[in-house]
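One structure is given below, encoded as structure tokens.
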Amino acid sequence: GDSVTQMEGPVTLSEEAFLTINCTYTATGYPSLFWYVQYPGEGLQLLLKATKADDKGSNKGFEATYRKETTSFHLEKGSVQVSDSAVYFCALSDRNTGNQFYFGTGTSLTVIP
Amino acid sequence: NAGVMQNPRHLVRRRGQEARLRCSPMKGHSHVYWYRQLPEEGLKFMVYLQKENIIDESGMPKERFSAEFPKEGPSILRIQQVVRGDSAAYFCASSPPSVNTEAFFGQGTRLTVV
């Protein structure tokens with residue numbers, strides 16, 4: 001069945017460091033891929049998405065490229081800020097499973113000044 | 001267009017009582033998903049509903065938990081005879097019927113069983 005595997009956390013970085021959070025997926029069809037962010041005490045917010053192979057999603061300095069050959073959707077940011085401290089979830093939606101959503105376990109990021 | 005609305009935001013129940021969590025999806029969204037999140041843990045899928053139908057309830061405990069999404073009104077997640085282990089944040093998400101679109105999340109209901 002469909003699934004998402006993402007990098008275990010927690011991750012602690014200094015401000016302005018480079019961030020990579022790995023995400024790989026398994027899907028029967030051609031899924032759409034998402035990154036969500038959750039700030040403390042809040043619900044999940046969509047950060048970026050990509051709907052087909054080689055698409056690059058980007059938002060707020062974050063980027064992720066849909067790589068079909070490696071079944072990956074790694075999240076990157078060139079220079080993190082303290083305000084980026086949150087939990088990040090990789091997810092997929094697959095029309096072959098009736099638009100069911102599958103989430104990774106989440107990666108906690110803490111950015112220190 | 002209002003976002004996904006969940007209420008109450010916080011709910012305290014004594015052991016053995018019933019908890020009823022409500023979720024109003026965004027306008028035009030006919031798909032609703034419920035997730036449970038324990039402190040310091042990820043999201044655990046519970047149930048996926050479309051209007052008047054349960055599509056996937058593979059994540060729902062077999063006893064005490066039920067969900068519905070009626071033709072009119074919000075989706076309801078019902079937990080009967082709550083126990084301490086039910087204490088968690090419960091999130092609802094909704095999406096439109098079209099494919100390749102994201103799910104939109106509510107702010108969650110934080111259930112505390114005392």
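The values are calculated or read from the model by the stated rules, or taken from the named source; none is laboratory data. It should be emphasised that the depicted structure is a prediction, and the values quoted were computed from it without experimental measurement. Here Cβ is always computed from backbone atoms with ideal geometry, including for glycine, and neighbour counts include all displayed protein chains. Only protein heavy atoms, including side chains, enter the accessible area calculation; ligands, DNA and RNA are left aside. Shrake-Rupley method; radii C 1.70, N 1.55, O 1.52, S 1.80 Å.
Which of the residues spanning the range B:10-19 are part of a loop (DSSP other than H, G, I, E, B) and either surrounded by 11 or more Cβ atoms within 10 Å (Cβ to Cβ) or aromatic (Phe, Trp, Tyr) (or both)?
As a first pass, look at the range B:10-19 and keep what is part of a loop (DSSP other than H, G, I, E, B): B:14-18.
Listed by number, the residues that qualify are B:ARG15, B:GLN17, B:GLU18.
Matching residues to (1) open to solvent by less than 20 Å² (accessible area, probe 1.4 Å); (2) in a loop (DSSP other than H, G, I, E, B); (3) without any contact (Cβ under 8 Å) to a residue 12 or more places away in the chain:
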site	(1), (2), (3)
B:TRP34	yes, no, no
B:TYR48	yes, no, no
B:ILE54	no, no, no
B:SER58	no, yes, no
B:LYS71	no, yes, no
B:LEU77	yes, no, no
B:SER94	yes, no, no
B:THR101	no, yes, yes
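Looking across the range A:51-88, the residues that are part of a strand (DSSP E or B) and under 26 Å from B:GLN107 (Cβ atoms) come down to A:GLY57, A:SER58, A:ASN59, A:PHE62, A:ALA64, A:LEU75, A:LYS77, A:ALA86, A:VAL87, A:TYR88.
Quick check on my filter: what residues within the range B:1-35 are over 17 Å from B:PHE69 (Cβ atoms) and of a type outside the set (A, V, I, L, M, F, W, C)? Before you say what the answer is, go through the steps one by one.
To start, the set of residues in the range B:1-35 that are over 17 Å from B:PHE69 (Cβ atoms) comprises B:1-3, B:8-19.
Result: B:ASN1, B:GLY3, B:PRO8, B:ARG9, B:HIS10, B:ARG13, B:ARG14, B:ARG15, B:GLY16, B:GLN17, B:GLU18.
The requirement of being out of contact with any Cys (no Cβ under 8 Å at 6 or more places or on another chain), within 11 Å of chain B (Cβ to nearest Cβ) and either farther than 13 Å from A:VAL4 by Cα or free of Cβ contacts under 8 Å to residues at least 40 places away in the same chain (or both) is not satisfied by A:GLY106. A:TYR36 meets all of the listed conditions (1) more than 9 Å from chain B (Cβ to nearest Cβ); (2) modelled with pLDDT of 95 or more but one, namely (1).
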